[in-house]
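Trainee: Pasting in a structure now, in structure tokens, and then I'll have a few things to ask.
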Amino acid sequence: MLNLQQVEALDANRKVDAPERDIHEVKNYLRALRYIEQVVAKKQPLTEKVFLRIHALVTAHTLPAKQSGHYRTRPVYVVRRQLGRPTQVMYTAPDAKHVPGLVREFLTWVTKAKEATVNPVIAAGIVHQEIAAIHPFVDGNGRTARAMATLVLYQQGYDFRQLFALEDYYNTNRPAYYAAINTGATYDERRVDLTPWLEYFINGFAVEIQRVQQQVASLAIKKVNAAARDQVFLDPDQLEILGFLDTNQRITVQDVIDILRCPRRSAQLHLHRLKKLGTIKQVGKGPVSAYVLA
């Protein structure tokens, strides 16, 4: 597994001393994320073609061409091998002949979930789990699941591409990730109760958001003059405002009202304090006024 510095080097087209497969996987995932950005920018629907294209991108040069971007044609079993003990089958994926239909079914659900205003984080978590359970491909199912969850979030306005990747949280404790997602021995069993997985997924999302808020707050505090720095304290609502600003570049009083669900006066007071601290500045006047990071 490559570290952050190596990933950044690859993104900048610099050479990295690492196993060839690891390099391919990182480059592939970066290409998949760029493709996802194009899909969102063009407002393309989440079709089977998009789904297969994402798998082709994340598995390029790591799978034979006849398997990259194509459904599996053979059975899949997830097994546990322990030294001195018989191999144990932990999961049996659906029969290969059912895979195309199951994928189309879940893609239809995603569209309906969006129309029914299902919370995007919940929808992304279900998409991730469903792909892992169907196991549509010989390899690359996890990477495809994470990319598809990211796509669902991007489509719903959770544009965190410059802030964090969900992969970061999973990589901190892989056993916990596998324990949360492997909740049944068959496809039907995994669909009975998604609560353990969704709790894990949502917690990971929250942890990453909090980490970003802390980073934003740290950057903001550095902009406060040295004499006042020791007196700076930002409450959770003000951190929420700075997090929104870091993603969207500008914020209005109405944005604060919507985000915090607070009265106009409270929104104005939050912005006034952040402005006084020197973390934000006002642009424009009157009804068109807004605030940006200072």
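The values are calculated or read from the model by the stated rules, or taken from the named source; none is laboratory data. What you see is a predicted model, and the numbers here were worked out from it, not measured in a lab. Quick reminder, even Gly has a Cβ in these numbers, built from the backbone with ideal geometry, and neighbours come from all protein chains shown.
Trainee: Residues in the range 50-61 that are farther than 22 Å from Tyr178 by Cα, part of a loop (DSSP other than H, G, I, E, B) and within 23 Å of the chain's Cα centre (by Cα): how many?
Mentor: Qualifying residue count, the range 50-61: 1.
Trainee: Here are some conditions: (1) over 21 Å from the mean Cα position of the chain (by Cα); (2) farther than 20 Å from Ile181 by Cβ; (3) surrounded by fewer than 11 Cβ atoms within 10 Å (Cβ to Cβ). Lys42 meets all but one. Which one does it not meet?
Mentor: (1)
Trainee: Considering only residues that are at pLDDT 70 or above and closer than 30 Å to Lys42 by Cβ, look in the range 154-177 and name the one that is surrounded by the fewest Cβ atoms within 10 Å (Cβ to Cβ).
Mentor: Taking the candidates together, the pick is Gly157.
Trainee: OK, next. Determine which member of the set Thr73, Thr47 is β-branched (Val, Ile, Thr) and without any contact (Cβ under 8 Å) to a residue 24 or more places away in the chain.
Mentor: None of the other options fit; the residue is Thr73.
Residues checked against (1) basic (Lys, Arg); (2) surrounded by fewer than 13 Cβ atoms within 10 Å (Cβ to Cβ); (3) touching a Leu at 6+ places or on another chain (Cβ under 7 Å); (4) modelled with pLDDT of 70 or more:
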{"position": "Tyr187", "(1), (2), (3), (4)": "no, no, no, yes"}
{"position": "Ala226", "(1), (2), (3), (4)": "no, yes, no, no"}
{"position": "Arg250", "(1), (2), (3), (4)": "yes, no, no, yes"}
{"position": "Val253", "(1), (2), (3), (4)": "no, no, yes, yes"}
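Trainee: Looking at the range 121-141, is at least one residue surrounded by fewer than 20 Cβ atoms within 10 Å (Cβ to Cβ), among the small types (Gly, Ala, Ser) and at negative phi?
Mentor: For the range 121-141, residues surrounded by fewer than 20 Cβ atoms within 10 Å (Cβ to Cβ), among the small types (Gly, Ala, Ser) and at negative phi: absent.
Trainee: Looking at this structure, is Thr117 more than 17 Å from Ile54 (Cβ to Cβ) and either assigned to a loop (DSSP other than H, G, I, E, B) or modelled with pLDDT under 95 (or both)?
Mentor: yes
Trainee: Would you point out which residue out of Val89, Val79 is assigned to a strand (DSSP E or B) and free of Cβ contacts under 8 Å to residues at least 60 places away in the same chain?
Mentor: Result of the check over Val89, Val79: Val79.
Trainee: Now for a different question. Quick one: is Lys66 part of a loop (DSSP other than H, G, I, E, B) and surrounded by fewer than 16 Cβ atoms within 10 Å (Cβ to Cβ)?
Mentor: Answer is yes for this residue.
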